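Inspection log for the structure reproduced underneath, given as structure tokens.
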Amino acid sequence: MRPGGPGRNVSGDGPDLWALYLAVFASSLAVVLIATPWAISAAHRLGVLDVPSDRKVHLQPIPLLGGVAIYAAIWLALLLISRLEVARQYVFLPDVTSELALIFLSTVVLILVGILDDRRAGGIAPWAKLFGQVLAAGIVLVAGVRFQVFGTPLLDSVLTLVWLVGISNAVNFLDNMDGLSAGATAIAAAFFFVLASANGQYLVAIMALAVAGGCLGFLRYNFNPAIIFMGDAGTLFLGFLLAIIGAKLRLGPAGWWGLIAAVLILILPIFDTTFVTLNRLRTGRGVTQGGKDHTSHLLVRRGFPHRQAVLVLYTVALVGGSAALALTWSG
């Protein structure tokens, strides 16, 4: 193995690289399995609970701090592997470390916005949530993360800003049934990992694996019947991190390929958000108002049990990710 470019520094898929992959995935998985029971206890003590209502499908108060456990799992996993010699030599170079520091700062903003939203009955004002998302996206742009589609920094920055805010909200919207958002995020992260590792983008691959490990471990507590939700703190953070991973994905000289692949991988949250938004605009309802009008609820009304409805939507996510792989590898 030999160094390449920043964040893409290992040539070949040798045993050291796969050991690194295993380490980050296992670390994130283990931390979330350990931290989630603590989050459940803390949520009960602090009263951070999702109370049942006519707009929700659960019948009893559910703790809302699962996102904090996932957040800790992902960043602790990245921190732990950054101490490994192979990671320091080939992946975590000085410029990459400074970029990750800014990405971490941006996610701190989002996790705080999410926690405030989860703690306040009825949530914080939509404009305040949007301000936090735009602020976080601005920090990411300062870090140098952006699509390379138009070849013009201004246009690429605007596209990236819209993408970061949009996907963050899309994953947040998708969190409307037990296990749906966590599972869909894990599936998307897995496909990002495959594409990134196959194209020599090992930092992106490692970030995706950390997300996949954290979400898969969280499903132990979040799949139907869930005993904890990730809350806005988790969905905003995970959507934002997936958007960053998608913006960093490079598939050949044409920047459009990376964007198209990212859209296909994230087709489920994108479709669900578009469907719900257009339907609410058509009926004169507030776009940010919660309700049982998502694709998952439509499947349940068609007779699917909750678990089967979620599994059907997992299949949609798998088809989208597979289409991204097919399009990339055929081109």
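The values are calculated or read from the model by the stated rules, or taken from the named source; none is laboratory data. The shown structure was predicted, so the numbers you read here are calculated from the model rather than taken from an experiment. Cβ sites come from the backbone with ideal geometry, for glycine too, and all protein chains shown count toward neighbours.
Structure summary
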{"quantity": "Matching entry among 209, 195, 219 (being farther than 30 Å from residue 95 by Cβ and part of a helix (DSSP H, G or I))", "calculated": "219"}
{"quantity": "Filtered residues of the range 152-184 (kept if touching a residue at least 60 places away in the same chain (Cβ under 8 Å), over 12 Å from residue 236 (Cβ atoms) and not in a helix (DSSP H, G or I))", "calculated": "176, 177, 178, 179"}
{"quantity": "Residue that is surrounded by the fewest Cβ atoms within 10 Å (Cβ to Cβ) [pool: residues in the range 265-298 that are without any contact (Cβ under 8 Å) to a residue 60 or more places away in the chain and among the hydroxyl-bearing types (Ser, Thr, Tyr)]", "calculated": "283"}
{"quantity": "Yes/no for residue 281 being aliphatic (A, V, I, L, M) and either outside any helix (DSSP H, G or I) or modelled with pLDDT under 95 (or both)", "calculated": "yes"}
{"quantity": "Of all residues making up the range 284-308, the number that are closer than 30 Å to residue 328 by Cβ and part of a helix (DSSP H, G or I)", "calculated": "3"}
{"quantity": "The range 188-227, residues that are within 12 Å of the chain's Cα centre (by Cα) and either among the charged types (D, E, K, R) or farther than 28 Å from residue 60 by Cβ (or both)", "calculated": "188, 189, 190, 192, 207, 208, 209, 210, 211, 212, 213"}
{"quantity": "Residue satisfying condition, being out of contact with any Cys (no Cβ under 8 Å at 6 or more places or on another chain) and at pLDDT 95 or above, within set 84, 102", "calculated": "102"}
{"quantity": "Residues of the range 133-151 satisfying the condition of being part of a helix (DSSP H, G or I) and touching a Ser or Thr at 6+ places or on another chain (Cβ under 7 Å)", "calculated": "133, 136, 139, 140, 141"}
{"quantity": "Test: residue in the range 199-206 that is of a type outside the set (S, T, N, Q), within 17 Å of residue 29 (Cβ to Cβ), surrounded by fewer than 24 Cβ atoms within 10 Å (Cβ to Cβ) and in contact with a helix residue (DSSP H, G or I) (Cβ under 6 Å, 6 or more places away or on another chain)", "calculated": "no"}
{"quantity": "From the options 241, 209, residue that is surrounded by 24 or more Cβ atoms within 10 Å (Cβ to Cβ), modelled with pLDDT of 95 or more, more than 30 Å from residue 293 (Cα to Cα) and touching a helix residue (DSSP H, G or I) at 6+ places or on another chain (Cβ under 8 Å)", "calculated": "209"}
{"quantity": "Among the residues listed as 300, 276, the single one being among the β-branched types (Val, Ile, Thr), touching a helix residue (DSSP H, G or I) at 6+ places or on another chain (Cβ under 9 Å) and more than 15 Å from residue 170 (Cα to Cα)", "calculated": "300"}
{"quantity": "Qualifying residue in the range 261-268 (condition: under 20 Å from the mean Cα position of the chain (by Cα) and part of a loop (DSSP other than H, G, I, E, B))", "calculated": "yes"}
{"quantity": "Per-region count, the range 76-111, residues surrounded by fewer than 16 Cβ atoms within 10 Å (Cβ to Cβ) and either in contact with a strand residue (DSSP E or B) (Cβ under 6 Å, 6 or more places away or on another chain) or aromatic (Phe, Trp, Tyr) (or both)", "calculated": "1"}
{"quantity": "Some residue of the range 26-48 being touching a Leu at 6+ places or on another chain (Cβ under 9 Å), modelled with pLDDT under 95 and in a loop (DSSP other than H, G, I, E, B)", "calculated": "yes"}
{"quantity": "So residue 74, is it within 22 Å of residue 169 (Cβ to Cβ) and in a helix (DSSP H, G or I)", "calculated": "yes"}
{"quantity": "Enumeration of residues in the range 51-70 that are assigned to a loop (DSSP other than H, G, I, E, B) and at pLDDT 80 or above", "calculated": "51, 60, 61, 64, 65"}
